[in-house]
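Asker: Before we start, here is the structure in question, set down as C-alpha cells.
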Amino acid sequence: MKARIRKLGVWVEETHEEAGRAIDPPTRKAVAAAVIENPFAGRYVEDLTDLMDIGEELGALLGEKCVAALGIRPDRAESYGKAALVGENGELEHAAALLHPKLGAPLRKAVEKGAALVPSSKKRGGMGQDLGIPLGHKDAAFVRSHFDGVEIRFNDAPRANEIVVAVAVTDSGRPLPRVGGLKVGEITGKDGLR
C-alpha cells in the first residue's frame with residue numbers, strides 16, 4: 001500500500017428516536033477514516049499521481065470497513081459520501097487528488113453499483129477539527145430522503161503534514177423523511193439521477 005497510515009477509525013451512528021418517535025429499525029451511518037502522511041506537504045508538486053493512487057487504495061479499504069461495520073451485504077448500502085481534511089502544510093488540491101480521480105470506483109465496488117456521484121467535501125484544518133462528510137443515495141441523486149451528512153474527528157489529527165480521509169456509508173436515509181422527491185422504491189439506477 002502506498003498510503004502511510006498512522007491511524008484508522010471506524011464509527012457507527014444509530015438513530016433510535018427522532019421528534020419523540022421511535023425509529024425501527026434505527027437509521028445507521030458508518031464512517032471509516034484514515035490519518036495518512038501527506039507526501040507533498042510543504043512543497044508544490046505538479047504531478048499528484050501518488051495521491052490519486054492512494055485515494056484508490058483508500059476507497060476500497062474504507063468502503064469495505066464501512067460495510068463491515070454496518071454488518072450488511074454490500075448491495076444493502078443506500079448512501080455514501082467522502083471527505084478529506086488537509087493539515088496546515090498541505091493544499092486543498094491534495095484533498096481533491098485523493099477524493100476525485102480514483103477513490104470512487106473502489107468505493108462503488110464496496111457498496112455494489114453506485115450510479116450516482118459520490119458527494120464530497122474538502123477542507124484544511126488542524127488537530128481536533130471536525131470533518132463533515134456529505135451523504136447522498138448511491139444510485140439516484142434525486143432521492144431527497146438521503147440528503148444528509150455525518151461528522152467525525154480525531155483529537156490528534158491532522159498534524160501539519162497529514163491528511164484525514166473519510167468515507168461514509170449508510171443502510172438508510174434520514175429518520176422520518178417528508179420533503180418529497182423520488183422514493184427509494186422508484187429508483188431505476190441507470191443515470192445516477194433517478
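Each value in this text was obtained by applying a stated rule to the coordinates, not by laboratory testing. These numbers were taken from a predicted model, which means no experiment stands behind them. Positions of Cβ are generated from backbone atoms using ideal geometry, with glycine treated the same way; all protein chains shown enter the neighbour counts.
Asker: Tell me, rounded to the nearest percent, the portion of alpha carbon pairs in the range 5-186 spaced more than 19 Å apart.
Answerer: 55 percent
Asker: 222 nm [θ] for the chain, helices only, -39500 (n - 2.57) per DSSP H run of 4+, per residue, to 500?
Answerer: Rounded to the nearest 500, it is -6000 deg cm²/dmol.
Asker: Which order results if Leu48, Leu176, Leu107, Leu98 are arranged by neighbouring Cβ count within 10 Å, fewest first?
Answerer: Ascending number of Cβ neighbours within 10 Å: Leu176, Leu48, Leu107, Leu98.
Asker: Arranged by the count of other C-beta atoms within 10 angstrom, fewest first, what order do Lys102, Lys123, Lys138 take?
Answerer: Taking fewest neighbouring Cβ atoms as first place, the list is Lys123, Lys102, Lys138.
Asker: Sticking with this one: Between Leu117 and Asn155, what is the FRET efficiency for a Förster distance of 41 Å, r being their Cβ-Cβ separation, to the nearest 0.05?
Answerer: Plugging the Cβ-Cβ distance into 1/(1 + (r/R0)^6) gives 0.85.
Asker: Order these by the 10 Å Cβ neighbour count, fewest first: Ile54, Ile152, Ile163, Ile5.
Answerer: By the 10 Å Cβ count, ascending: Ile5, Ile152, Ile54, Ile163.
Asker: Suppose each label sits 7 Å from its Cα in the direction of the beta carbon; what would the Val45-Gln129 distance come out to in nanometres?
Answerer: 1.9 nm
Asker: Hey, another quick one. Under 15 Å from the Cβ of Asp53, count the other residues' Cβ atoms, weight Lys and Arg +1, Asp and Glu -1, and hand me the total.
Answerer: That works out to -2.
Asker: If you keep only loop residues by DSSP, which trypsin sites (Lys or Arg not before Pro) in the range 19-49 have at most 13 other Cβ atoms within 10 Å of their Cβ?
Answerer: Hits after loop and neighbour filter: Arg43.
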